[in-house]
1. Filter the range A:95-116 for residues that are in contact with a helix residue (DSSP H, G or I) (Cβ under 6 Å, 6 or more places away or on another chain) and either part of a loop (DSSP other than H, G, I, E, B) or away from chain B (no Cβ under 13 Å) (or both) and give the result.
2. Name the one entry in A:197, A:285, A:277 that is within 28 Å of the chain's Cα centre (by Cα) and within 13 Å of chain B (Cβ to nearest Cβ).
3. Count, please, the residues in the range A:167-207 that happen to be in a strand (DSSP E or B), more than 26 Å from residue A:136 (Cβ to Cβ) and touching a strand residue (DSSP E or B) at 6+ places or on another chain (Cβ under 6 Å).
4. How many residues does the range B:243-269 contain that are more than 11 Å from every other protein chain (Cβ to nearest Cβ), more than 22 Å from residue B:150 (Cβ to Cβ) and surrounded by 23 or more Cβ atoms within 10 Å (Cβ to Cβ)?
5. Looking for whichever is within 14 Å of another protein chain (Cβ to nearest Cβ), touching a strand residue (DSSP E or B) at 6+ places or on another chain (Cβ under 8 Å) and closer than 29 Å to residue B:247 by Cα here; the options are A:304, A:382, A:407. Which one fits?
6. Condition first: assigned to a loop (DSSP other than H, G, I, E, B) and away from every other protein chain (no Cβ under 14 Å). Now tell me which residues in the range B:230-242 satisfy that.
7. Looking at B:593, B:559, B:578, B:565, can you tell me which residue is surrounded by 16 or more Cβ atoms within 10 Å (Cβ to Cβ), modelled with pLDDT of 95 or more and over 17 Å from residue B:620 (Cβ atoms)?
8. Counting only residues that are modelled with pLDDT under 90 and part of a helix (DSSP H, G or I), how many does the range B:377-428 have?
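The values are calculated or read from the model by the stated rules, or taken from the named source; none is laboratory data. Here the structure is a predicted model, which means the values were calculated and not measured. Counting neighbours? That spans all protein chains shown, and the Cβs are built from the backbone with ideal geometry, glycine included.
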């Protein structure tokens, strides 16, 4: 008898226990593969839905899909069984095995599918899945701050600031590392046009010349926020004060003119179009205006929560308020902004970005929520979970930049995807 | 259940129980004398239960049920008390059965009372075969509470449901699937092969995506819903905070803790959790403030145990520590934390804050009300307190073949691995119970690890980027005659090059300080100053010098440097013994090893070290071709007939450990004139000897220095020894220093 024949014979008379053992292994593997196989489907569905400007999401219930796959596996396994001989035991007929296999496969598939459906409904209870096309690059661990100006994208973390080119190919070239070794960076402001950086840290505010060169101390003291204008002015927050400085000045003994807001300032955003400076404290949003070498108060609005980040687009201002969600204001009159929207669908709004038509909400482990900022009939356009643990988002024209702490990575998506 | 935990549970039980009793008017008929008297008995029983007399409390409640057989709260309270005095398992089945019977009776009298249904669910939770049924019962209770709009009941029930999901999540979190032929993680193999754990975690297993996410999210929803109903619900708040901490959602954790503390400012554990969140957000100062608040709010006994050093001492010292009284412990605590404080220049003690954060985490994460476990006492809690957050955490499904034997049957294996120490610990516990103990022989492994490293604060050193300050201490006789002790001069090389390497700023503020304390830890010298330095990288150092006359005694010195922009730090510390110099016989100062020494004035006879330019070498490190400079002072030389002193100086350079072989050839090229030109050659040891006559002043202090060309001495570690013999009095004194020669 040849080896082949031996092998063939052995296969034919393989005991049923072994066959069942194999069948169990196949079943186990198949059940493990169920979510993977099915994961392909929602991604495709998601992509279709986003390309169609997020219409109502149509998803095949996984309890049905998995049950069907389980039933199919049952059919397959029972067919394998039917090919074998030596059928012993209580339920040993092919018909019985087929019924049990299909029944078990369907039931297990149904249970797994039901879990998947539950998870899906919890994940996307506020918005349907979105899968925007993205370009991604890795960033250093524990990124904390994202800042974008017309020419550069800056990501700050414990090891300094990585500066990427904001051009479309920017993420394909390695970043330039700036502010190396600066510990506990709380904010970064990129000066429009020049690309110079203002880096706020517990040790003070440091200014970095465009492209390369070490930083110079502008202002001692724990700086918590920074903003920069295109004309060389830098605005910074130290404790409860908001101050203005010229980037060209590096005399740290200078007494900086500014304004005391009475509460710790956590966010500063400069609106060049209207020469307005928006400041957020642990309870209030302030509209300030740089006048001469100082700053004056234009208006203020109680937020009822700590202001984490502010985004400005035209005459509208969006505010991320952590567990209190996001508020959107029409600040045509900065002295008396009018609320247009208060949305608290996210567990925690880490950051917010605003374009003429869309409001992006960085929602941490939930992902990135996309809201309709143009007053359409459907407020929440969807949720992009694939973007990771989103802690920062910035919109700049056609591009929106997303900072993912889990990756850790920086994603670029189209603002109007 | 331990004796210590039982009264706590009882108290928790009767407190919870007391609240619904007041609101259970549905089955109570005002004005009914029997009901009133039963009500009084219930109150009395609760008082007795709080005092710890469960038997009498049960008897009193039984009387109440007999007096008013249609008074539901009496049956409920009796069932509750019976239930709370049982623990999970089959051992208390009969008592639980009795408890369920009483509560069923209460439910007959007051159908759909959410509290009664809740307690039935809790009883099911304690019954191994009925745990799954508990969830259904809680949902029934929830529906009842919703229909009654009772926020207190809603909070309690939602919390219990959240706990079920939370425990399931903990079992599934960090789940990995083994690849290859392995079916389960093998603790025995992990013990036998030190590479096994690392290899399994990094190469032979894959994380299971989204494992436990559904349970996580459901738990979060229910905890939040519980807090919505009752913002001051501490168990729900702690459950939610634990979930947020597990997912590293520290910003959210901080906000949640603050919101909870606004509703419940006196919650010690709320402050502990807030401190933990702030610590993880790198805000140590406010974190420490919250830890302090928490410790002030907790019962003194609990604080004593929770913060005891015995967790982080080796077993022998821990036993001694545990036996000591409060005063002695307090002294040890203080001395310990003082010694391990990484930097005195910074306002807090980073190591202590880290320790409290670990305790807070262990308490939050591993506590189990169900089992009466305090998290920081558990196996996992103790390991966490000693070694901090593991580099990798993994859980593995129970072994389908039960290869580990009966003990591991159906248990989830949890593996913690630490890098770079390669310490690893394996725990096993039943699924969905948030309980795990050392697997296999890992208790012994942990004891062994504890012997070698009772605690590690690697994470603190890493966070502070802690470098080493090279320190050379030289003790000289005080200049004022009759002064006891010594003038101690501390020379330090602050490694500014390494500290500011890659720090991208023009100028950096560098703070330096010296702290010398005596055996009672009283500071006898504390000096701080700051300078602005330019980061240039390399091995550049900033040499600092401090001098102070100290009385005889034992001291400890610390020299520290801190750069606030990068957070880089460096320190040098060690013992500093000080003795007096004899006034009537020969003695000598320490040998001062320097990079360069030159007299300040060629015309003047030097009287002490201030008459020299001295560039000390605190690192005792020289490169090939360098010149070794030595300075020392002789005191109390006897006068000969002419009033002069006569000394013999013998210098020995001994090679202790060679990096690369070569001949040892030295030559004196400067310093004491009598010695210049002397040379010596050898394989591993050279000695130079010369005699000299010195004119003695009234102070009887003779300064000396030598410049020695080390030639092409091979790199290695050496000992320089200098022996001075008073040829008039026949006495000798010697001093030595280690030096290191490195390749250029």
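1. Scanning the range A:95-116 gives A:97, A:98, A:101, A:102, A:105, A:106, A:108, A:109, A:110.
2. Just a single option satisfies the conditions, and that option is A:197.
3. 6
4. 1
5. A:407
6. Answer for the range B:230-242, where residues must be assigned to a loop (DSSP other than H, G, I, E, B) and away from every other protein chain (no Cβ under 14 Å): B:230, B:232, B:233.
7. B:578
8. Here the count works out to 3.
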